[in-house]
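A short write-up of the structure that comes next.
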Amino acid sequence: MAKGRSAEARRLKDSDADLSDEESFDDSEDIADFDDEGEVDGGRRDRTACSRQRGRIMFGASLALAALLLANPLARKVASLFLNGISVDLEFVDVGEVNGTSNFFPVCIARVAALPLLVSVNVQIRDASLWARLPMGTSEAKIGLLMVPELYIPAFQELRLSLSSEIQVESLENLAAAAEEFILAQSNNWRVKGVVDVRFHLFGFIPVSISDITLDKQFALKGMAGFSQELNPVTVNEIVSAEGLVDSVKMQVSVNLHNPSCVAATIKSEMVFGIKFNGHRFGIAVVTGLHMVPGHNVVPLSFFLTNTGNNNEAIQQFISGYMQATEQPVTVVGSKLSSQDPFLSMLLQTFSVNMNFQPPSTQFIQGITAKVWPEGLKADVEVFNPLPVELTMGNLDLGIYLQEAPDEKIFALNSALSQTHVPGTVLQPNQKSTVSIHLSILGAQIGAIWELQRLIAAAEAGRITVSARGPVTFTVLPSYTLTIPYSVYNLTAHLGWCILCLP
């Protein structure tokens, strides 16, 4: 019996062991399931870590490749081609004051085309020099040394530079020739040579430097084109004062002068220019305290018109054109004595510019009112004095002609034959005055009465368009007397009849 119980006990023990094994098996399966999920997440983490590791390796390789490339001379060559190919548009250049030294301190504003830069760059230009193409030259000439501060060029942006620099002139002769070409030409070429050092941070934190990049940059500078006379003639802005001496007239004048370039300059020292008309020198112009800017300028100057005996005809023609408000072609010439500044003296000794001088649009003779009566002709002539000083009338001897028939004289106005005293009549400054002339039938040289009657009858309210031609004499007070050949066209004349003409 005991033996039977022992067998039973062993059976129960084995059953418990089997149950325990089954439970252990189930638990291990649960644990295995949990471990499988952990392995999946862990695999993901491992793959991410591997990917990051590969990124770091590729990044390091990129850095190594970039560093290798940037350290190679090929990088300098590529950078040189890039820098020299950049489009630079000069918007404004102020060369500062020209003061007799060999140093200039220009300020430039330039727009640089959008740069395909992935990083911001610091650029240092050193050992730089400035060159220019001279008139009629086939090669460029060195002007001097150029010093500029370090430049900062931001990434992905169009750059607009405001740059202060210094030019140390080595050859005043070359600079003067280049400046003359700039004044006369529509455009001329300049060049900057030197070396460039570049610094930037690759990927934002790796410092990189490229040194000794060759700089050879040419740029075009828009010239003054002789002050662009075809489109912008020199015009009188204001005649401030005038004084007539025995053999000359002195005037303080301001003129409108157009500068089509982008260059500004200040010249405080005095400059003296000769003025020619029809090949004859008839005066000088003195400019003091010139400040020239791009576009419109009002330039004050002193003008001396001097009669030397050989230039009397040129003076008469110039003054006549001025009184008729017609454009006058003049030539402005310089000499080595034009300025005491060494650079300006060299520049101006061969200076010669043709300019078109446009007087104010006012006519000296502005209208005629005439009445014919049995004993002759009475006429009132409206005269405008364009000067800021009194003029004294001398003789006025005009023939009045039909506009459509220039050779057909209607009548004559000769103040020397007038019953009124015209010589000595004072014309007030910048005002219109009336000069009265009373002539006999013979003195008036009236054409065919029936033709004059027809003109008066045909003209509306007695007005017709005529031309007037003849010599006019006047004196610029106090003592400069001049006779000029005067003519005016499209002049309005009021004609009428009277039986008894009253004043």
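The values are calculated or read from the model by the stated rules, or taken from the named source; none is laboratory data. Fair warning: this is a prediction, and the values are worked out from it, not measured in the lab. Because the Cβ atoms are built from the backbone with ideal geometry, glycine has one as well, and the counts that use them run over all protein chains shown. Surface areas here come from the heavy atoms of the whole protein model, side chains and all, with no ligands, DNA or RNA. Shrake-Rupley method; radii C 1.70, N 1.55, O 1.52, S 1.80 Å.
Restricting attention to segment 271-310, and to residues there that are part of a loop (DSSP other than H, G, I, E, B) and either aromatic (Phe, Trp, Tyr) or within 26 Å of residue 108 (Cα to Cα) (or both), which single residue is most open to solvent (accessible area, probe 1.4 Å)? Reasoning before the result, please.
First, pick out the residues of segment 271-310 that are part of a loop (DSSP other than H, G, I, E, B): 278-279, 288-289, 293-294, 307-310.
In the following step, the residues that additionally are either aromatic (Phe, Trp, Tyr) or within 26 Å of residue 108 (Cα to Cα) (or both) were identified as 288-289, 293-294.
Working: 288: 78, 289: 46, 293: 47, 294: 48 Å².
Among those residues, the one meeting the criterion is 288.
Out of all the residues in segment 172-180, is one or more exposed (fewer than 15 other Cβ atoms within 10 Å of the Cβ) and out of contact with any strand residue (DSSP E or B) (no Cβ under 8 Å at 6 or more places or on another chain)?
Start the filter on segment 172-180 by keeping residues that are exposed (fewer than 15 other Cβ atoms within 10 Å of the Cβ), which leaves 173.
Narrowing further to those that are out of contact with any strand residue (DSSP E or B) (no Cβ under 8 Å at 6 or more places or on another chain): 173.
Yes, because at least one residue in segment 172-180 is exposed (fewer than 15 other Cβ atoms within 10 Å of the Cβ) and out of contact with any strand residue (DSSP E or B) (no Cβ under 8 Å at 6 or more places or on another chain).
Within the group 318, 351, 343, which residue is in contact with a Leu (Cβ under 6 Å, 6 or more places away or on another chain) and either modelled with pLDDT of 85 or more or surrounded by fewer than 19 Cβ atoms within 10 Å (Cβ to Cβ) (or both)?
Of 318, 351, 343, the one residue that is in contact with a Leu (Cβ under 6 Å, 6 or more places away or on another chain) and either modelled with pLDDT of 85 or more or surrounded by fewer than 19 Cβ atoms within 10 Å (Cβ to Cβ) (or both) is 343.
Run residue 384 past the list (1) without any contact (Cβ under 8 Å) to a residue 60 or more places away in the chain; (2) open to solvent by less than 20 Å² (accessible area, probe 1.4 Å); (3) aromatic (Phe, Trp, Tyr) and report the number of the one that doesn't hold.
Here residue 384 meets the rest and fails (2).
Scan segment 321-333 for residues that are of a type in the set (Gly, Ala, Ser) and open to solvent by 20 Å² or more (accessible area, probe 1.4 Å) and report the count. Working first, answer last.
So the first thing to find is which residues in segment 321-333 are of a type in the set (Gly, Ala, Ser), and the list is 321, 325.
Next, only the ones that are open to solvent by 20 Å² or more (accessible area, probe 1.4 Å) stay: 325.
Summing the residues that are of a type in the set (Gly, Ala, Ser) and open to solvent by 20 Å² or more (accessible area, probe 1.4 Å) in segment 321-333 gives 1.
Counting only residues that are farther than 24 Å from residue 391 by Cα and part of a loop (DSSP other than H, G, I, E, B), which one in segment 424-470 is modelled with the highest pLDDT?
Filtering first and then ranking leaves 445.
Please note which strands (runs of 3 or more DSSP E) are completely contained in segment 111-186 and include at least 1 residues that are over 28 Å from residue 260 (Cβ atoms).
Numbers: elements: 121-133, 140-147, 151-153, 159-164, 166-169.
Qualifying strands (runs of 3 or more DSSP E): 121-133, 140-147, 151-153, 166-169.
Is it fair to say residue 222 is touching a residue at least 24 places away in the same chain (Cβ under 8 Å) and in contact with a Cys (Cβ under 7 Å, 6 or more places away or on another chain)?
Answer is yes for this residue.
So residue 163 ticks every box in (1) surrounded by 14 or more Cβ atoms within 10 Å (Cβ to Cβ); (2) closer than 19 Å to residue 93 by Cβ but one. Which box is left unticked?
Unmet for residue 163, out of (1) surrounded by 14 or more Cβ atoms within 10 Å (Cβ to Cβ); (2) closer than 19 Å to residue 93 by Cβ: (1).
Go through segment 187-210 and give me each residue that's hydroxyl-bearing (Ser, Thr, Tyr) and either over 16 Å from residue 150 (Cβ atoms) or part of a loop (DSSP other than H, G, I, E, B) (or both).
187
Could you please let me know if residue 298 is touching a Ser or Thr at 6+ places or on another chain (Cβ under 8 Å), touching a residue at least 60 places away in the same chain (Cβ under 8 Å) and within 17 Å of residue 270 (Cα to Cα)?
yes
Show the residue pairs that are 6+ apart or on different chains and have beta-carbon atoms under 6 Å apart, the first residue being within segment 235-249 and within 17 Å of residue 392 (Cβ to Cβ), the second being surrounded by 16 or more Cβ atoms within 10 Å (Cβ to Cβ) and of a type in the set (D, E, K, R).
Close Cβ pairs (under 6 Å, with a partner that is surrounded by 16 or more Cβ atoms within 10 Å (Cβ to Cβ) and of a type in the set (D, E, K, R)) amount to 243/250.
Got at least one residue in segment 411-423 being open to solvent by 30 Å² or more (accessible area, probe 1.4 Å), in a strand (DSSP E or B) and more than 26 Å from residue 317 (Cβ to Cβ)?
No, segment 411-423 contains no residue that is open to solvent by 30 Å² or more (accessible area, probe 1.4 Å), in a strand (DSSP E or B) and more than 26 Å from residue 317 (Cβ to Cβ).
Can you go through 118, 151 and tell me which one is within 29 Å of residue 206 (Cα to Cα), modelled with pLDDT of 85 or more and surrounded by fewer than 18 Cβ atoms within 10 Å (Cβ to Cβ)?
Details: 118 fails: modelled with pLDDT of 85 or more.
Being within 29 Å of residue 206 (Cα to Cα), modelled with pLDDT of 85 or more and surrounded by fewer than 18 Cβ atoms within 10 Å (Cβ to Cβ) holds for just one of 118, 151, which is 151.
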